[in-house]
Amino acid sequence: MARRLGLAAAVVIALAVLGGRPAAAEWFADVFTGVGLTQSHDFKLNDQGIGPGTYDDVSFDKALAFGGRLGRYFDSLPFLGFGVDYFHFNPYVGPQSVNLHGCFYPGGCGAGKGGIGTFEVTVNSASLDLMLRLPLLKSPAAAQGRVQPYLAVGAPLFITTITPRNTKSFRNHDDDTDVSIGGKGAAGVAVQIYQNLMLFAEYRFTHVSPDVELHDASTNRVKLSTDLNTHSALIGLSARW
């Protein structure tokens, strides 16, 4: 799916670049990639057969982030627009030792420190974003400005899959997917590099609180919830027409 998205975006950008100068009303198609850093957060568990427990301050690995965006700035208000945004990242939970408190095994309630194994976390999101830009350095060849600082806000639909990969408390490779609404804010700057092609850099913050239902080693149901607060540094290309 990601390859198809990238190919489609590349075709759109190529057609836009070859199509001549943009009109006053701008459509845009963006592709971008970068790195995402998800803040440490607790894993809260509720095992139907054992009871509640918490893994404190679970840390996430840096993750490759990528996506695309298609939208338009309004004719009468060229500083205001909207964009449909797709975003993907995988904040993997690697081997680590954390503080534990609660119940994790039959008759095994208490507090201490221990390993939690590894978890694969896959996040896909889609949103309709409000876009604001400031056109700078306008000229006949760049009617909307050669430099465009911008802001974007949205409430994405997040599809988050959590899969235990090497754990003692969960049935491994038994995943579950959460679908929920989160939040997103972004700030960046785009610079014209060729006719209607711009290079941009963007900082993005996303928040979602997935809640999945997994199974423990005895196949009891276990609710797992956490927060994914992710800071992403992105770079991309934007075609305008």
Quiz item: Of [x] 8, 29, 26, 17, 12, 7, 2, 0; [y] 7, 28, 34, 18, 6, 4, 2, 1, 0; [z] 7, 25, 35, 21, 10, 2, 0, which is the value of P(r) over Cα pairs in 10 Å bins from 0, in percent derived from the coordinates here?
Solution: [x]
Practice problem: For Ile181 and Ala141, calculate 0.36 nm times their separation in residues minus their Cα-Cα distance, and state this gained length in nm to one decimal. | Solution: 10.3 nm
Practice problem: Work out the length of the dipole vector of region 2-240 about its Cα centre, built from +1 on the beta-carbon of each Lys and Arg and -1 on the beta-carbon of each Asp and Glu, and round it to the nearest 20 debye. | Solution: 860
Quiz prompt | For Val179, Val31, order by how many other beta-carbon atoms lie within 10 Å, fewest first | solution = Val179, Val31
Quiz item: Please state the relative contact order of region 23-169 as a whole percent: Cα pairs under 8 Å, 6+ residues apart?
Solution: 21
Quiz item: Once the dipole of the chain is set up with Lys and Arg at +1 and Asp and Glu at -1 on Cβ about the Cα centre, which of Leu134, Ile50, Gly81 lies farthest towards its positive end?
Solution: Leu134
Quiz item: How much net charge surrounds Ser232 when only the other residues with a Cβ under 11 Å from the Cβ of Ser232 are counted, with Lys and Arg +1 and Asp and Glu -1?
Solution: +2
Quiz prompt | FRET E, pair Val84, Asn172, Förster distance 22 Å, beta-carbon r, rounded to 0.05 | solution = 0.05
Exercise. Figure the gain on full extension for Lys223 and Ser40 (residue separation times 0.36 nm, minus the Cα-Cα span) and round it to one decimal in nm.
Key: 64.0 nm
Self-check item: For the chain, calculated [θ]222 nm from helices alone, where every DSSP H run of n ≥ 4 adds -39500 (n - 2.57)
Solution: -2500 deg cm²/dmol
Exercise. Work through the residues other than Thr122 whose Cβ is under 14 Å from its Cβ and net out their charges, Lys, Arg +1 and Asp, Glu -1.
Key: -4
Practice problem: Calculate the dipole size of region 40-111 relative to its Cα centre from +1 charges on Lys and Arg beta carbons and -1 charges on Asp and Glu beta carbons; express the result in debye to the nearest 20. | Solution: 200
Self-check item: Helix 2-18 axis, angle to the chain major axis (alpha carbon atoms, nearest 10°)
Solution: 10
Quiz item: If you stretched the chain out fully between Gln48 and Tyr92, how much longer would it get, using 0.36 nm times the residue separation minus the C-alpha to C-alpha distance?
Solution: 13.3 nm
Self-check item: Pairs of lysine residues in the chain - Cα separation under 23 Å, sequence separation of 8 or more or cross-chain
Solution: 8
Practice problem: Using a cut-off of 13 Å between beta-carbons, work out the net charge of the residues near Ala187 (Lys and Arg +1, Asp and Glu -1, Ala187 not included). | Solution: +1
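Readers should treat all values here as calculations from the given coordinates under stated rules, not as data from a laboratory. Since the structure is predicted, the reported quantities are computational estimates derived from the model, not experimental observations. For neighbour counting, all protein chains shown are included, and Cβ atoms are generated from backbone atoms with ideal geometry for every residue, glycine included.
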